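Before anything else, here's the structure in question.
The values are calculated or read from the model by the stated rules, or taken from the named source; none is laboratory data. What you see is a predicted model; the values in this text were computed from it and never measured. All Cβ positions, even for glycine, are placed from backbone atoms using ideal geometry, and neighbour counts span all protein chains on display. When the accessible area is computed, the model is the full protein with side chains, heavy atoms only, and any ligands, DNA or RNA have been set aside. Shrake-Rupley method; radii C 1.70, N 1.55, O 1.52, S 1.80 Å.
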Amino acid sequence: MTVKIGMIGPGGMGQAHIDRIRSVIAGGEVVAVSDINPEAAGKVAEKYGVTGYTSSADLIADPGVDAVMICSYGPAHEADVIACIEAGKRVFCEKPLTPTADAAERIMAAEAKAGRKMVTVGFMRRFDESYRQMKAILDSGEIGETLIVHNRHRNPTVPPHYTWDMAINDTGIHEIDTMRWLTGEEIVSVRVDTPKKTTKRFEHLQDPLILIMTTESGIWIDDEIFVNNQHSYDIQCEAVAESGTIRLADQHKIERTGTIGRHHVLTMDHNERFWGAFVTEVQEWIDAVARDEHTGSSAWDGYAAACVCDAGVKALTSDGAVAVEMIERPALYR
Ligand code: ISE
């Protein structure tokens, strides 16, 4: 079976997914796109030879669309995700699922009504081979209990529209989800430490900043978020356990030797660094849709990430740790 996919919001991220589906992913075909901007909708539809809509509702209602990918901007997600659930169509939604925890709760209510999990959130690091190897070793218990996890999330630069809260809501959200998945625990408190600021940033940003999170059992997690480092997309993670440590190795693809010495070529953005993870993520989603099953992170994961982000944003403007407030996990997600 070929899964016929409708794509809402085919901007940079959406088109990167379309290109992967057309080149290296099996079992799926993008048959329609929608963009509220008629010119953009027309251009992308023509580029890929698919149906173009200016209304996401029309795309979701299209009987030729089996499942939907949403890559529009966060505030538009809730209405479209709920419309997909109500139409009985499985949906892959890029992160963040919703910018607020309340909106994610409404999505969970729609799934509860449908009686099944239909939403997958695009947290791609769960599909990265090296993170998966780290998790397998930690889960095996071979090196004992995890005590501490150190993370670094660095970008060469960010655009002027990157607002002060995005360090947490748009960048740190990756570690927030990955740490919940890696440790298998909820994050219960968040603190933000603010080091000396780089001068090479937009005035409105605290850059870098350090998120300090703790989990239910007391695992201590730090995350250096530095989004104007001027040189590379640099993702690091090291877990310290009772009788060993495990960390992501350098993510270089080649090593170059010459008059400048020997060096690794660094990646410059998430598409380059996590190419393989994106491919696995979308492939697993399409395979699961074909089997009429759910895969990947759920609406609960989207909700939990939103709750931790809320606490993180509060912590950014207050002293000390902020407790994460969450509802009890509904039965569907246990
Ligand atoms: C962006 O939205 C991403 O998802 C990238 O992975 C992250 O590194 C970047 O900071 C975000 O703005």
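Among residues belonging to segment 125-138 that are in contact (Cβ under 8 Å) with a residue 60 or more places away in the chain and more than 16 Å from the ligand (Cβ to nearest atom), point out the one that is farthest from Trp220 (Cα to Cα).
In this case the residue turns out to be Glu129.
Can you say whether Asp177 is open to solvent by 40 Å² or more (accessible area, probe 1.4 Å), closer than 20 Å to Ser298 by Cβ and charged (D, E, K, R), as far as the supplied structure shows?
The answer is no for Asp177.
Which of the residues that make up segment 139-173 are among the aliphatic types (A, V, I, L, M), open to solvent by 20 Å² or more (accessible area, probe 1.4 Å) and away from the ligand (no atom under 13 Å from the Cβ)? Full working, then the answer.
In the first step, residues of segment 139-173 are kept if they are among the aliphatic types (A, V, I, L, M); the result is 143, 147-149, 158, 166-168, 173.
Filter once more, so that each one left must be open to solvent by 20 Å² or more (accessible area, probe 1.4 Å): 143, 147-148, 166.
Once the filter is applied, which keeps residues that are among the aliphatic types (A, V, I, L, M), open to solvent by 20 Å² or more (accessible area, probe 1.4 Å) and away from the ligand (no atom under 13 Å from the Cβ), segment 139-173 yields Ile143, Leu147, Ile148.
So which residues in segment 205-247 are more than 22 Å from Ile168 (Cα to Cα) and crowded, with 16+ Cβ neighbours inside 10 Å, if there are any at all?
Val240, Ala241, Ile246
Need at least 3 residues that are within 16 Å of the ligand (Cβ to nearest atom) and under 26 Å from Lys95 (Cα atoms) per element, so show me which strands (runs of 3 or more DSSP E) inside segment 174-263 make the cut, counting only ones lying wholly within it.
Result: 209-215, 220-226, 234-241.
What pairs come up if the first residue lies in segment 271-294 and is farther than 16 Å from Glu94 by Cα, the second is of a type in the set (S, T, N, Q) and modelled with pLDDT of 95 or more, and their beta carbons are under 6 Å apart, counting only those six or more places apart or on different chains?
Taking only residues 6 or more apart or on different chains, the pairs are Ala288/Thr295.
State whether one or more residues within segment 288-299 are under 18 Å from the mean Cα position of the chain (by Cα), more than 16 Å from the ligand (Cβ to nearest atom) and in a helix (DSSP H, G or I).
Within segment 288-299 (the criterion being under 18 Å from the mean Cα position of the chain (by Cα), more than 16 Å from the ligand (Cβ to nearest atom) and in a helix (DSSP H, G or I)), the answer is yes, since at least one residue qualifies.
Continuing with the same structure: What are the pairs with Cβ atoms under 8 angstrom where one residue, in segment 1-16, is over 18 Å from Arg90 (Cβ atoms) and the other, located anywhere, is at pLDDT below 95 and open to solvent by 40 Å² or more (accessible area, probe 1.4 Å)? Sequence gap at least six, or different chains.
So the pair list comes out as Ala16/Asn271.
Out of segment 85-115, which residues are open to solvent by less than 10 Å² (accessible area, probe 1.4 Å), out of contact with any Lys or Arg (no Cβ under 9 Å at 6 or more places or on another chain) and part of a loop (DSSP other than H, G, I, E, B)?
Leu97
Now for a separate question. Confirm whether Asp128 is open to solvent by less than 60 Å² (accessible area, probe 1.4 Å) and of a type in the set (D, E, K, R). Write out each step before concluding.
Values: open to solvent by less than 60 Å² (accessible area, probe 1.4 Å): yes; of a type in the set (D, E, K, R): yes.
Considered against the rule, which asks whether it is open to solvent by less than 60 Å² (accessible area, probe 1.4 Å) and of a type in the set (D, E, K, R), Asp128 comes out as yes.
Quick one: would you say Met118 is open to solvent by less than 40 Å² (accessible area, probe 1.4 Å) and either within 14 Å of the ligand (Cβ to nearest atom) or among the polar types (S, T, N, Q) (or both)? Steps first, answer last, please.
On the way: open to solvent by less than 40 Å² (accessible area, probe 1.4 Å): yes; either within 14 Å of the ligand (Cβ to nearest atom) or among the polar types (S, T, N, Q) (or both): no.
For Met118, the condition - open to solvent by less than 40 Å² (accessible area, probe 1.4 Å) and either within 14 Å of the ligand (Cβ to nearest atom) or among the polar types (S, T, N, Q) (or both) - is not met.
Among Gly184, Gly218, Gly261, Gly172, which is the only one that is within 20 Å of the chain's Cα centre (by Cα) and either at positive phi or without any contact (Cβ under 8 Å) to a residue 12 or more places away in the chain (or both)?
Gly184
For segment 51-84, which positions are part of a helix (DSSP H, G or I) and under 28 Å from Thr171 (Cβ atoms)?
Ser56, Gly74, Pro75, Ala76, His77, Glu78, Ala79, Asp80, Val81, Ile82, Cys84
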